[in-house]
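This report concerns only the one structure given below.
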2 protein chains.
Amino acid sequence: MIDVPWEPPAVLIAVDLVILTLRAASLRVLLIERGTEPYRGAHALPGGFLAHSEEDLDAAARRELAEETGLDAGELHLEQLGVYGRPGRDPRGRVVSVAYLAIAPRLPDPVAGTDAADAAWLPADRVLAGELNLAFDHRQLVLDGVERARGKLEVSSLATAFCGPTFTIGELQTVYEAVWGIPLDPRNFYRKIQRVDGFLVPTGAEQRSLVGRPARLFKAGPSTVLSPPIGRPNEAGSSSAD
Amino acid sequence: MIDVPWEPPAVLIAVDLVILTLRAASLRVLLIERGTEPYRGAHALPGGFLAHSEEDLDAAARRELAEETGLDAGELHLEQLGVYGRPGRDPRGRVVSVAYLAIAPRLPDPVAGTDAADAAWLPADRVLAGELNLAFDHRQLVLDGVERARGKLEVSSLATAFCGPTFTIGELQTVYEAVWGIPLDPRNFYRKIQRVDGFLVPTGAEQRSLVGRPARLFKAGPSTVLSPPIGRPNEAGSSSAD
DNA sequence: CAAATAGTGTCTATTAGACAATATGTT
DNA sequence: AACATATTGTCTAATAGACACTATTTG
């Protein structure tokens, strides 16, 4: 950072949230329907401008999360995804948006936000496939968010953020399958995931569902870095990184 | 992004660069010595404010890179590292900095930048160890940059960005060892890295050094994603992610 | 019992890591 | 020859993936 003789330009800072969750075994992202121009009627990510010039970026993300979903960010996984500042991305003027990725466990259906006129958990697939019309560069944010989640599932304990405080190995497998979009062998998954040191801690309790043998309940262990990583099958492809 | 009845606060945007390279088998970061307050005399990352309100962030990063090092960003690996916007990080006022990570191949010793009064490639170790006094939150940026590089070495072709257009497997090994800070077995490394599909392409040429058998020269292949990944030994540890 | 999910055993091909051995250059 | 680096071979323990099998529940 260098001092300059001229006055540097000031820009508006926005915070946008890619909030992912699992519903009906499919990966969903929280989208609101815009009620005003620009992009009236299009889907958009929840977010907003910095409240005041001294607000911390993370604090702004937590504030928006609470406003839009009523969720306390203390309970959620929340991490910075990146900055999106291409000139022209917002027709109203120069806006630099700091994107955050949040992972939410299964939530009560109604997501009536205070700000959001109309909010819904829409399948991430439909965004990736381009079926939905997203405002601004928000499709890119969702792409990047899903890609981040896919990668971190391999090497971190992120998957548990999709679950409640306790969960079965079957539920965890559903998370991996939904985010990666591929089926996994339950038997191999079962042992592989338990082999990871410090990932899962058995609670001793069991959970019984409508059918089948009751499953042991686990909670997240101390490790946030998974070693060995949970390999994603068929990564064998070239090109495209970052 | 929601429309608001009030005027959102505008802040200054800076771009800071964590430029890594290899010198004398050690990982170095480009630091300049600040000639003005605040933090006069401390080391700082190269960077600066947005030139004008319509400048793209990536363009600003490339511009700063050229100004500080004379390097053409077209030749270099350049990726966004994150945003650093904690209030109070800059005593002059609210500044949100977009950090970029650049990887440079071996460069000519003099790094006389136009802006930088005094620039030097200093060992990343000394920053990590806290030996050097860095301005602002730049120590954190270097930490994050090195950590990013360490991780990407495993799963991407980033290592080749430290090398010239052609390189030997021995040089590549030096990159891995310097960035990870651990020794690797040359024989196992030799084959392991060649097994990665699309990573290395032999040029047919050879390179002879002062001593020892000449080594085959390679260039970077089409793959930017490495599968299987190049596993980093002794990752076996708990806690701390993100 | 049938169906469904949880959990265990086992086999095989592949891989990681250790390290001996060989190849080819310089001094 | 002595030395240094590159490249190849080989052995062993660990691992991934396929899949048969057992266990425990509900209807």
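Every number here is computed from the coordinates shown, using simple stated rules; none is lab data. The structure displayed is predicted, hence computed values, not measured ones. Please note: Cβ atoms are built from the backbone with ideal geometry, for glycine as well, and neighbour counts cover all protein chains shown.
Need the list of lysines near A:Lys152 for cross-linking: C-alpha distance under 23 angstrom, and skip anything on the same chain fewer than eight residues off.
Qualifying lysines at Cα under 23 Å: A:Lys192, A:Lys219, B:Lys152.
Pick out, in residue order, every one of the chymotrypsin sites (Phe, Trp or Tyr not before Pro) in the range B:1-99 that is DSSP loop and has at most 11 other C-beta atoms within 10 Å; say none if there are none. It would help to have the intermediate numbers written out before the result.
Numbers: sites: B:Trp6, B:Tyr39, B:Phe49, B:Tyr84; in loops: B:Trp6, B:Tyr39.
Answer in residue order: B:Trp6.
For A:12-18, what's the mean count of beta carbons from other chains sitting within 10 Å of each residue's beta carbon?
3
Ordered by residue, what ³J(HN,Hα) values in Hz, to whole numbers, does the range B:10-26 give under the Karplus form 6.51 cos²θ - 1.76 cosθ + 1.60, where θ = phi - 60° and Gly and Pro are x?
9, 10, 7, 10, 10, 10, 10, 10, 9, 9, 10, 8, 10, 9, 6, 6, 10
If one computes P(r) from the Cα atoms of chain A, what percent of pairs lie at distances over 24 Å?
Considering chain A, 50 percent of its Cα-Cα pairs are separated by more than 24 Å.
Can you give the direction-averaged projected area of the convex hull of the alpha-carbon atoms in the protein assembly as shown, in nm²? Could the numbers behind the result be given before it?
Values: hull surface 98.7 nm².
The number I arrive at for the protein assembly as shown is 24.7 nm².
Distance in nm between label sites at B:Ala66 and A:Arg89, each 7 Å beyond Cα in the beta-carbon direction?
Here the answer is 2.3 nm between the modelled labels.
Using the Karplus curve 6.51 cos²θ - 1.76 cosθ + 1.60 with θ = phi - 60°, what ³J(HN,Hα) values do you get for each residue of the range A:82-93, in whole Hz, with x for Gly and Pro?
In residue order, the calculated couplings are x, 10, 10, x, 4, x, x, 5, 10, x, 7, x Hz.
For the residue pair B:Arg106 and B:Val211, what label-to-label distance in nm results when each label sits 7 Å from Cα along the Cα-to-beta-carbon direction?
1.7
From the helices alone, meaning DSSP H stretches of at least four residues, give me the mean residue ellipticity at 222 nm for chain A, per-run term -39500 (n - 2.57), in deg cm²/dmol to the nearest 500.
Computed ellipticity for chain A at 222 nm equals -7500 deg cm²/dmol.
Between the range A:1-51 and the range A:61-91, what is the separation of their alpha carbon centroids in Å?
Centre-to-centre distance over Cα atoms comes out at 7 Å.
How large is the translational diffusion coefficient of the range A:156-220 in µm² per second when you combine the Kirkwood radius over alpha carbon pairs with Stokes-Einstein at 20 °C and 1.002 mPa s?
176
Using label points projected 7 Å from each Cα along Cα→Cβ, tell me how many nm separate B:Asn188 and A:Asn188, to one decimal.
2.3
Taking only the C-alpha atoms, wrap a convex hull around the range B:7-102 and report its volume per residue in Å³ as a whole number.
It is 123 Å³ per residue.
DSSP loop trypsin sites (Lys or Arg not before Pro) in the range B:1-80 with at most 11 other Cβ atoms within 10 Å of their Cβ, which ones?
Counting only loop positions with at most 11 other Cβ atoms within 10 Å, the trypsin sites (Lys or Arg not before Pro) in the range B:1-80 are B:Arg40.
Taking the Cα centre of the range B:121-240 as origin and charging only Cβ (+1 Lys, Arg; -1 Asp, Glu), how large is the dipole, in debye to the nearest 20?
Using Cβ point charges on Lys, Arg, Asp and Glu, the range B:121-240 gives about 480 debye.
Along the charge dipole of the range A:1-143, Cβ charges K/R +1 and D/E -1, which of A:Ala25, A:Ala119, A:Pro38 sits furthest on the positive end?
Of the options given, the answer is A:Ala25.
Can you compute the equivalent ellipsoid semi-axes for the range B:45-165, i.e. the square root of 5 times each eigenvalue of the Cα gyration tensor, sorted largest first and rounded to whole Å?
Taking √(5λ) for each Cα gyration eigenvalue gives 22, 18, 16 Å.
Nearest 5 is fine: what % of DSSP beta bridges in the range B:12-142 come out antiparallel, could you say? Don't skip to the answer; put the middle values down first.
Working: 21 of 31 bridges.
Counting only bridges with both partners in the range B:12-142, antiparallel ones make up about 70 percent.
Over the Cα atoms of the range A:8-48, what radius of gyration and what Dmax do you get, in Å?
Rg, Dmax (Cα atoms, Å): 13.9, 49.
Using the beta-carbon distance between B:Arg126 and A:Thr203 and R0 = 56 Å, what value does 1/(1 + (r/R0)^6) give for FRET efficiency, to the nearest 0.05? Numbers along the way, then the final one.
Numbers: r = 46 Å, r/R0 = 0.81.
Computed FRET efficiency for B:Arg126 and A:Thr203: 0.80.
Given DSSP loops and a limit of at most 14 other Cβ atoms within 10 Å, what is the longest stretch of chain B that contains no such GluC sites (Glu not before Pro)?
Here the longest segment lacking exposed loop sites spans B:132-234.
Would you kindly calculate the translational diffusion coefficient of the range B:127-171, applying Stokes-Einstein with the Kirkwood radius from alpha carbon pairs, for 4 °C and a viscosity of 1.567 mPa s, and quote it in µm² s⁻¹ without decimals?
105
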